[in-house]
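In what follows, a structure is listed as C-alpha cells, so that the remarks can point back to it.
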Amino acid sequence: MNTDDYKNVWIYAEQRAGKLSTVSYELLGAGRKLADDLGQQLVAILLGSNMRAAADELIAYGADKVYYMDSPALEKFADEPYARVLTDLVKEHKPAIVLAGATAIGRSFIPRVAAELRTGMTADCTGLDIDPEKKILLGTRPAYGGNIMATIICEEKRPQMATVRHKVMKPLEKDDSRKGEVMEKSIVESELTIRAKVVDIIKEMEDTCNIAEADIIVTGGRGVGCKENFALVHDLAAAIGGAVGASRAVVDAGWVPYSHQVGQTGKTVCPKIYFALGVSGAIQHLAGMQSSDVIIAVNNNPDAEIFKVATYGIVGNLNEVVPEMIKQLKNGA
Amino acid sequence: MNIVVFIKQVVATTNVKLDPETGTMIRDGVECILNPFDEYAVEEALRIKEKMGGKVTVVTMGPPQAKEIIRKTIGMGVDEGILISDRALAGSDTWATAYTLSQVLKKIGDYQLVITGKQAVDGDTAQVGPEVAACEGLPMIAWVRKIEEISETSIRAERLMEDGYDVLESPLPALISVVKEINEPRLESLRGKMKAKKYEPKVWGVADMPGFDVAQVGLKGSPTKVFKTFTPKRQYKGEMIAGDAAQAAATLVGKIKEMNIV
C-alpha cells in the first residue's frame, strides 16, 4: 500500500431522525485542525434521506467538501448499508484519515468499515494530533477505565480511522460565508443489502434529558438514601436545566433506569457542569465523568473519593444542601 | 440453537498501574476476572438455550491462565469452552483478534447466534464484535438491551441508543453485543462448580484452524500499534466550600452563575 496515495481528512457527519448530531460539529472542529496541519481538505460524509440543507450546514461549520449520499435506505441507521456506502466511498476517494463520533452509531458501524478495508482503528479518542515528522495521526485514548492513556498509531495502512469521544472537541463558529462543494449522489435501495433492519425507533428522552448530549448533568448516588428521595436529584436537574444521571449502585437498586447510568458500565459523559450528589466516587464512576469541565460534589463523607476530582465540594447533608441550592437558583432567576 | 459467546479475561480495573520507569503495565499479583459485560452475554446465551435447546460454546483468546474464566462459565451452565492460545497471536490488535475469532467461527461452523459483551473493560474499544461480523459477513445488532423474540432463523432485539432504543429484526446467523440492562447474570451453581473444577477446555492454536493466515495476526499483522502509554495527569484545583447548608449553597450558586452556563 502506498500511503502517499491517501489524502484528506474525512469526518462522518452523524444524523439521527434527519437531524445532525452535535458530535458532527465537534468532528468538523477537530478535523479542520488536522486538515490544516496536513495542508489537506476537510471532507464531511453525510448519509441520509432528504437532508440536502444539512450538507450546507456542514460547510458553514468547516468542511471544504461534502459527499451527501441520499437514499430512503439510509434514513435510519443500520450497520450493513452504512458500512457498505462508506467503505465504497473510501475505496473510491482514498482519504488519509476517517473520523466519526464514539457514539452508539459510530462505535457500531465504523469498526465494520475498518475491518472491511482491513485497516487500523482507534476507539473513543480524547486527543487527536498529527505527528509533525511522519504526518501520521496520533490518536490518544483512555483505557482501563481511564487509569491509563494510550496513544495509538496506524503507520502502514490507510485510511487511519478513529472514533472520537463526544463533547471533548470544540466546534467552530458557524460561518455562512464559507464556500464549499456538495457532491450529492442518490443510492438505489435495491443495491444495498440490509439484513438487520430497523423496524421501530423509540425515543425515550428529549435531547435535554439525554445525558450523552446534556451540558449539565445532576447525578445521584447511593448517598441519596432511597428511591423516594431521588426526587431531590430530579428537582435540582429541573431547576438548573440539566439531565439526570445515576451511579451504578442506584441503577442496580432500581431507583433509576439504566439509560441514566454514568460510568464504565454505563455512559461516558463530558458536560460543562457535573453534579455528584451522594456519589462516593468509585473509580468506575470517575472513568465515566472525570473529563467534565466543572465537577461539583456534595457528600456527607469528607473522605469520599469524589472530592479528589471535584472542582467544588460541599461536605454536608444532601437533604439540607440541595433544597437550599434549588431555592437560591430560583431566587436568582 | 447453537450459540457462541466470546469472552475475555481482564484485569480488575481498580488495580491497574503503570511502571513509572518502563511505562508498561504492572501485571504481577494483579487480580484477573471475567470481563463483566461478558457475564451478561453468557447469561443471555444460557437463557436462550433453556428456552430453545442447543448448545452454548464460549471462546476466549489468551494465555493458558484464561482457562479460569472458561471454568467460571462452565459453572454457570455453559456446555463447552475453547481457549485460543498461540505465541503467534501475541500483540494482536482488534483487527487481528477479530480475524482470529472469525477463523474460530469458520471451524465451529454450526452456529446460529454469536454473542459478545458490549466491550471489554480493559481496552474499552468495543471493536472486536463489529469487526468479527465484518470478517464473517454476519448481520449485527449492537448494544442489545432486550431480545424481544428469537427463533431458529430470526431475532428481534432492542438496540440501546443515546436517546432511547431502536428495534431491529435480523435473520440468523447474526452477531449481537449486549449491554448490562439485558439481564441479571446467575451465580455458578454448586453442581456447576464441581463440574468446572474438573473441566479441561479445548485448546486451539493457529495450526488447528485450516486456512489460518498467520500474516494477519500478532504484532506484525496488526495495523495499529501503541505509540506510547502514560498515566493521565489530573490537575484538579478543588475548592471545598464551608459553612452551613444555606451559606454553602449560596456560595456555590454564586460560582455557578459566574460560569454563565446556566
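Read-outs throughout are calculated quantities, based only on the coordinates presented, and are distinct from any laboratory measurement. This structure is a prediction, so every number in the text was calculated from the model and none was measured. Ideal geometry is used to build each Cβ from the backbone, glycine not excepted, and the neighbour counts take in all protein chains shown.
By how many degrees, between 0 and 90 and to the nearest 10, does the Cα long axis of helix B:67-76 differ from the longest principal axis of chain B? The helix B:67-76 is inclined about 90 degrees to chain B.
Taking N as the number of residues in segment A:70-121, what value does Rg over Cα atoms divided by 2.2 N^0.38 Å take? Walk me through the numbers before you get to the answer.
Values: Rg = 10.8 Å, N = 52, 2.2 N^0.38 = 9.9 Å.
In units of the globular-protein estimate, segment A:70-121 measures up at 1.09.
The angle between the Cα long axis of helix B:94-108 and the main principal axis of chain B comes to about 30°, on a 0 to 90 degree scale. Across all Cα pairs in segment A:3-191, the calculated P(r) in 10 Å bins from zero up to the longest distance comes to 10, 41, 38, 11, 1 percent per bin. Counts of other chain beta carbons within 10 angstrom of each beta carbon in peptide B:132-142 average 6. So what's the angle, to the nearest 10 degrees on a 0 to 90 scale, between helix A:22-38 and the longest Cα principal axis of chain A? On a 0 to 90 degree scale, this one is about 50. Once the gyration tensor of the Cα atoms in segment B:1-121 is diagonalised, the equivalent ellipsoid follows with semi-axes of 28, 17, 11 Å, ordered largest first. Taking every alpha-carbon pair within the protein assembly as shown, the share separated by more than 49 Å comes to 9 percent. Spatial offset of segment A:44-113 relative to segment A:182-216 amounts to 12 Å, using the alpha carbon center of each. Expressed as a whole percent, the proportion of Cα-Cα pairs in segment A:207-332 lying more than 20 Å apart is 33%.
Straight-line cross-link reach from B:K193 at under 18 Å between alpha-carbon atoms covers these aspartates and glutamates, not counting any fewer than eight positions away in the same chain: B:E39, B:E43, B:E68, B:D79, B:E80. Look at B:S92, B:S177 and count the other Cβ atoms within 10 Å of each Cβ; fewest to most, that gives B:S92, B:S177.
In chain B, once you exclude exposed trypsin sites (Lys or Arg not before Pro) (DSSP loop, at most 15 other Cβ within 10 angstrom), what's the longest stretch remaining? If you can, show how the numbers build up before the last one.
Working: sites that count: B:K17, B:R27, B:R186, B:K233, B:R234, B:K237.
The answer is B:28-185.
Of the trypsin sites (Lys or Arg not before Pro) found in segment A:142-196, those that fall in a DSSP loop while having at most 10 other beta-carbon atoms within 10 Å are A:K179. Gyration tensor over the Cα atoms of chain B: the corresponding equivalent ellipsoid has semi-axes (square roots of 5 times the eigenvalues, largest first) of 37, 25, 20 Å.
When the scattering of segment A:1-70 is computed by the Debye formula from its Cα atoms alone, each counted once and equally, what is log10 I(q)/I(0) at q = 0.16 Å⁻¹? Reported log10 I(q)/I(0), two decimals: -0.51. Cross-link reach is defined here as a Cα-Cα straight distance under 24 Å, omitting same-chain residues fewer than 8 places apart; for A:K134 the lysines meeting it are A:K7, A:K33, A:K91, A:K94, A:K157, B:K220, B:K225, B:K228. Of all the options B:I241, B:I115, B:I141, the one that moves most in a Gaussian network model of chain B with Cα springs shorter than 10 angstrom is B:I241. Under a no-solvent Debye model with one identical scatterer per Cα of chain A, what's log10 I(q)/I(0) at q = 0.06, 0.07, 0.13 Å⁻¹? Listed by q, the Debye log ratios stand at -0.24, -0.32, -0.98.
Per-residue mean of foreign Cβ neighbours for A:135-143 is 3 (Cβ atoms of other chains, 10 Å radius). Loop-located GluC sites (Glu not before Pro) across segment A:130-203 with a Cβ neighbour count of 11 or fewer within 10 Å are A:E133, A:E173, with loop assigned by DSSP. Mind checking which of B:A157, B:A248, B:A126 has the largest fluctuation in a GNM of chain B, springs on alpha carbons under 10 Å? Among B:A157, B:A248, B:A126, the largest mean-square fluctuation in the Gaussian network model of chain B belongs to B:A248. In chain B, the calculated helix contribution to ellipticity at 222 nm averages -9000 deg cm²/dmol per residue, counting -39,500 (n - 2.57) for every DSSP H run with n ≥ 4. Partners of A:K327 within straight-line reach, counting lysines whose Cα lies under 23 Å from its Cα and excluding those fewer than 8 residues away in the same chain: A:K227, A:K272, B:K255, B:K257.
Based on DSSP, what percent of beta bridges with both residues in segment B:1-95 are antiparallel, to the nearest 5? Write out the running numbers ahead of the final one.
Working: 4 of 15 bridges.
Given both bridge residues lie in segment B:1-95, the antiparallel proportion sits at roughly 25 percent.
In plain terms, chain B is cut at each of the GluC sites (Glu not before Pro) found in a DSSP loop with at most 15 other Cβ atoms within 10 Å, and the longest leftover piece is B:32-151.
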